[in-house]
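The values are calculated or read from the model by the stated rules, or taken from the named source; none is laboratory data. Predicted model only: the values in this text are computed from it and were never measured. Cβ sites come from the backbone with ideal geometry, for glycine too, and all protein chains shown count toward neighbours. Side chains included, ligands, DNA and RNA excluded: accessible areas come from the protein's heavy atoms. Shrake-Rupley method; radii C 1.70, N 1.55, O 1.52, S 1.80 Å.
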Amino acid sequence: MVATDSPAAGGSLRYAFGGVLSFFILVLIGVLAFSIRLFSVIKYESVIHEFDPYFNYRVTQFLTKKGIYDFWNWFDDRTWYPLGRVIGGTVYPGLTLTAGTMWWLANSLNIPLSVETVCVFTAPVFSAFASWAAYLLTKEVKGPGAGLTAAALLAMVPSYISRSVAGSYDNEAVAIFALVNTFYLYVKTLNTGSLFYATLNAISYFYMVCSWGGYTFIINLIPMHVLLCIVTGRYSSRLYIAYAPLVVLGTLLAVLVPVVGFNAVMTSEHFASFLVFIILHVVALVHYIKGILSPRMFKVAVTLVLSVGIILCFAAVAILIAVVAASPTKGWSGRSLSLLDPTYASKYIPIIASVSEHQPPTWPSYFMDINVLAFLVPAGIIACFLPLSDASSFAVLYIVTSVYFSGVMVRLMLVLAPAACIMSGIALSEAFGALTGSIKFHLLASSDSQGNAGDATPVSVLPENGKAKTDKVEETTKERPSKKNRKKEKDVVEKASVSHRPENQRAEKKLWALPIEASVLGILLLVLLGAFYVIHCVWAAAEAYSAPSIVLTSRTHDGLHVFDDFREAYAWLSHNTEVDDKVASWWDYGYQTTAMANRTVIVDNNTWNNTHIATVGTAMSSPEKAAWEIFNSLDVKYVFVIFGGLVGYPSDDINKFLWMVRIGGGVFPHIKEPDYLRDGNYRIDSMATPTMLNSLMYKLSYYRFVETDGKGFDRVRQTEIGKKYFKLTHFEEVFTTHHWMVRIYKLKPPRNRIRGKAKKTKSKATTSSGSNTSPKTKKNPWQ
Amino acid sequence: MTRSDAQALIRSLRSAYAATPKNLKIIDLYLAFSVSSALIQVIYMAMVGSFPFNSFLSGVLSCVGTAVLAVCLRIQLNKENKEFKDLAPERAFADFVLCNLVLHLVIINFLG
């Protein structure tokens with residue numbers, strides 16, 4: 001306010017300089033976010049990772065080949081044989097449409113990128129966008145300095161890297177960007193009250209609904225925040241503009257996406273938003289009436305309305321409760337219930353419980369995934385309360401809810417990552433602000449002892465610490481330079497032991513400056529903390545999270561050994577089988593089989609049909625003949641298993657066998673888990689139960705295994721196998737990969753002639769199949 | 001809770017409302033039209049069933065949507081609202097039109 005000409009010009013120049021510097025910092029942050037995710041491309045190759053990305057890749061290939069109308073109407077008959085899958089209606093299209101658009105754009109500019117390249121690099125590109133969105137969001141909450149810090153932290157946080165490396169072509173790659181962007185636009189609308197940003201917010205929410213099932217987090221968090229604002233007395237008309245158009249437009253846009261469809265208005269996950277919509281309108285009406293009536297009349301109105309309204313309210317709520325209680329799960333889907341009640345999945349839905357990503361995280365995984373941020377977050381929460389605004393209360397609510405959900409499932413640590421980065425960015429920025437302010441104050445107090453330092457701009461005193469200079473420039477962009485001068489003047493006044501400034505003696509805020517040694521040491525320690533964080537992030541990205549899991553490596557004394565067995569097996573399948581042959585395996589490998597081997601599979605990672613998976617599980621747990629019959633009824637020609645016993649690969653099918661038994665036993669009661677256990681453990685050595693030794697999984701995994709080393713020593717289970725010499729009667733081995741990791745078997749065709757013992761075997765078959773109560777097993781007419 | 005109290009309340013409400021400017025009253029009229037239109041559609045659905053559910057949803061939500069947007073416009077144009085005194089009324093109306101465009105684009109797509 002008291003800016004003379006030269007300080008004002010100096011201030012605006014510094015403001016412009018700060019803006020340009022922020023821009024370059026943001027560009028660098030984008031480059032950092034992109035390049036830290038390229039370790040897997042450098043260490044292995046530009047290949048798509050894991051399982052789910054292969055499905056997305058196949059869908060994107062279809063989209064780029066056939067166009068969007070065929071994509072929407074695609075019925076996939078190469079999977080879940082004989083049921084098929086309606087792809088157009090059951091996939092979240094955001095990711096594939098985004099990558100398809102980028103491919104189309106690049107090709108129309110005559111940049112010949114292949115679909116695979118675009119798919120591999122989608123995630124790093126969108127993580128750069130997500131960092132920029134985090135900058136914008138934190139700028140709305142606290143200021144540009146905090147924004148830059150939060151963006152830098154989000155670019156590197158290991159939890160986000162784990163799901164968005166180059167090659168991890170999964171929904172979360174674009175969904176996290178959409179999440180942060182939607183939150184940014186919501187907070188921006190809340191701060192400015194502009195309907196334009198409300199429209200953008202709804203469109204961004206639509207993009208989020210297209211991309212990920214986690215959009216229910218947004219549509220429950222924002223109503224929670226609105227309710228919080230109303231309850232704490234922070235209702236304002238900007239809140240109405242921020243929330244009401246989002247609900248109507250957002251619901252309509254959500255209904256447009258085929259996967260969500262009418263669930264957007266009929267499931268309990270969305271009811272919170274409608275309830276808060278109604279509450280908001282009531283509050284808005286009350287606010288309006290209060291504005292136009294006199295206080296006495298308002299009291300009369302309140303008593304009248306309350307007496308009538310409460311009766312109506314009770315009636316409406318009673319009806320709603322009756323309708324919701326009529327459905328068995330009270331209208332919630334299984335996935336949401338397993339989030340709210342962490343023990344729900346293990347009791348009722350073994351498939352959800354079996355996925356390793358759905359287990360609760362351990363304490364070390366927090367330090368692995370968000371590292372230093374874990375203890376900067378509480379500091380950030382405190383900083384948000386000084387002062388509390390609508391935006392900072394939203395940030396606090398976001399971190400609290402995401403911490404709860406991350407405690408339920410490991411894969412939701414991903415939702416915690418942006419919240420933790422925002423909070424830590426705020427904490428670090430405030431800490432730097434306090435420390436550098438103290439240094440500045442001390443330098444100012446020592447440089448001019450007497451005279452009118454009110455005119456001299458303290459910001460002209462440049463401290464030696466280069467890092468502090470950056471933050472100081474950022475701080476000046478936070479508030480107007482003149483205001484900063486006044487604040488520093490107040491600092492000087494309160495501690496005025498050396499100089500006299502009678503015109504500024506106001507005892508408003510007592511701002512205490514820390515001693516200069518403590519400030520310098522504090523800044524150095526904070527920089528060191530940041531350095532540790534960066535080192536950890538780079539290590540995590542390089543060593544822990546860049547494995548493509550389709551290619552395995554190990555270091556031996558003579559160099560790097562590569563295990564490419566999976567692709568070897570899929571290539572064999574695609575070259576040596578007929579196009580229409582059906583391949584059966586456990587559901588983990590379904591997506592990869594359809595994408596790389598191009599064969600029809602029985603079950604895949606979508607796991608939408610529990611009974612079909614249980615059928616395959618039962619077949620794997622049954623003896624050879626029963627398994628042959630089950631597979632024959634499904635027209636299966638080839639069966640393959642993953643076996644890690646020769647090389648010590650721990651995620652093989654024998655280790656997953658307990659889930660096959662549990663899921664199969666959940667639907668077909670003749671599979672009983674205790675039959676496979678010896679003393680409560682699954683064993684494959686000489687102490688294994690006969691049911692286990694006769695099961696198809698054991699036989700297919702260990703057929704001829706004893707020929708490798710003479711003893712049949714399983715490197716994963718660390719023991720010799722129980723049954724070493726046996727023949728297969730209904731299957732024949734057609735291919736085993738180089739390291740015995742994938743073993744492919746073919747179903748033997750049924751015998752042509754029924755031999756002389758037909759009558760006896762037939763009666764034996766009838767009695768044995770009578771005791772075998774599996775509903776899927778038909779009496780095989782050929783034996 | 002006496003009758004004279006209720007009458008005094010209604011009178012004061014009426015007199016206070018009469019003092020609102022004309023442009024806000026026009027918006028209120030539009031609001032009443034939208035809400036009653038939505039109510040009529042709900043009653044019709046209750047009578048004949050909700051078979052093309054997407055049509056019902058898009059019809060009702062379009063009425064509710066324009067009502068909500070009209071309320072937002074009214075908030076932004078109201079002179080007594082201190083938060084929006086820097087906002088030009090043309091800008092508020094332009095935002096209103098833009099949001100309505102997006103809303104009706106979605107509606108027409110969903111109407112079936």
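A few remarks follow.
- Flag if A:V120 is farther than 21 Å from A:N606 by Cβ, surrounded by 17 or more Cβ atoms within 10 Å (Cβ to Cβ) and touching a residue at least 12 places away in the same chain (Cβ under 8 Å): yes
- Tally of residues being more than 30 Å from the chain's Cα centre (by Cα) and crowded, with 24+ Cβ neighbours inside 10 Å across segment A:406-434: 1
- Flag if A:S204 is at negative phi, among the polar types (S, T, N, Q) and either within 14 Å of chain B (Cβ to nearest Cβ) or open to solvent by less than 10 Å² (accessible area, probe 1.4 Å) (or both): yes
- Only listed residue being surrounded by 17 or more Cβ atoms within 10 Å (Cβ to Cβ), under 23 Å from the mean Cα position of the chain (by Cα) and in a helix (DSSP H, G or I), chosen from A:I399, A:I439: A:I399
- Of residues in segment B:68-79 being more than 9 Å from chain A (Cβ to nearest Cβ) and of a type in the set (A, V, I, L, M, F, W, C), the one most open to solvent (accessible area, probe 1.4 Å): B:L77
- Segments classed as helices (runs of 4 or more DSSP H), wholly inside segment A:28-115, with at least 3 members that are in contact with a Leu (Cβ under 7 Å, 6 or more places away or on another chain): A:94-108
- Subset of segment B:85-112 (residues that are more than 9 Å from chain A (Cβ to nearest Cβ) and not in a helix (DSSP H, G or I)): B:K85, B:D86, B:A88, B:G112
- When the residues of segment B:31-64 are filtered to those that are among the aromatic types (F, W, Y) and surrounded by 15 or more Cβ atoms within 10 Å (Cβ to Cβ), the one that is farthest from A:A244 (Cα to Cα) is B:F53.
- Exactly one residue among A:S237, A:S194, A:S211 is within 12 Å of chain B (Cβ to nearest Cβ), under 23 Å from B:L105 (Cβ atoms) and in contact (Cβ under 8 Å) with a residue 24 or more places away in the chain, and that residue is A:S194.
- Restricting segment A:253-278 to residues that are touching a Leu at 6+ places or on another chain (Cβ under 7 Å) and either within 11 Å of chain B (Cβ to nearest Cβ) or open to solvent by 20 Å² or more (accessible area, probe 1.4 Å) (or both), the residue that is farthest from A:W212 (Cα to Cα): A:V265
- Lone unmet requirement of (1) at pLDDT 75 or above; (2) surrounded by fewer than 17 Cβ atoms within 10 Å (Cβ to Cβ); (3) not aromatic (F, W, Y) for A:D341: (1)
- A:A627 vs. criteria more than 22 Å from A:D581 (Cβ to Cβ), assigned to a helix (DSSP H, G or I) and either open to solvent by less than 10 Å² (accessible area, probe 1.4 Å) or in contact with a Gly (Cβ under 8 Å, 6 or more places away or on another chain) (or both): no
- Answer residue from segment A:143-191, given it is within 14 Å of chain B (Cβ to nearest Cβ) and in contact (Cβ under 8 Å) with a residue 40 or more places away in the chain and is most open to solvent (accessible area, probe 1.4 Å) among those: A:N191
- The residues listed here are A:H575, A:H561; of these, the one that is part of a strand (DSSP E or B) and either farther than 19 Å from A:G167 by Cβ or out of contact with any Asp or Glu (no Cβ under 9 Å at 6 or more places or on another chain) (or both) is A:H561.
- Failed criterion for A:L136 (all others in (1) surrounded by fewer than 24 Cβ atoms within 10 Å (Cβ to Cβ); (2) within 30 Å of A:Q592 (Cβ to Cβ) hold): (2)
- One residue from B:S58, B:S50, B:S37 being more than 11 Å from chain A (Cβ to nearest Cβ) and either outside any helix (DSSP H, G or I) or hydroxyl-bearing (S, T, Y) (or both): B:S37
- Against the list (1) open to solvent by 50 Å² or more (accessible area, probe 1.4 Å); (2) facing another protein chain (nearest Cβ under 8 Å), the condition B:K82 fails is (2).
- Test: residue in segment B:57-65 that is in contact with a Ser or Thr (Cβ under 8 Å, 6 or more places away or on another chain) and either over 30 Å from A:L306 (Cβ atoms) or among the aliphatic types (A, V, I, L, M) (or both): yes
- In segment B:17-30, residue nearest to the other protein chains (Cβ to nearest Cβ) [restricted to those that are open to solvent by 70 Å² or more (accessible area, probe 1.4 Å) and of a type in the set (A, V, I, L, M)]: B:A19
- Among (1) under 35 Å from the mean Cα position of the chain (by Cα); (2) surrounded by fewer than 22 Cβ atoms within 10 Å (Cβ to Cβ), the one test that A:T615 misses: (2)
- From A:F367, A:F314, residue being more than 14 Å from chain B (Cβ to nearest Cβ), open to solvent by 50 Å² or more (accessible area, probe 1.4 Å), over 37 Å from the mean Cα position of the chain (by Cα) and modelled with pLDDT of 70 or more: A:F314
- For segment A:17-45, a residue qualifies if it is in contact with a Phe, Trp or Tyr (Cβ under 9 Å, 6 or more places away or on another chain) and open to solvent by 50 Å² or more (accessible area, probe 1.4 Å), and the qualifying residues are A:F34, A:F39.
- Residue match in segment A:192-206 (condition: in a helix (DSSP H, G or I) and in contact with a Lys or Arg (Cβ under 7 Å, 6 or more places away or on another chain)): yes
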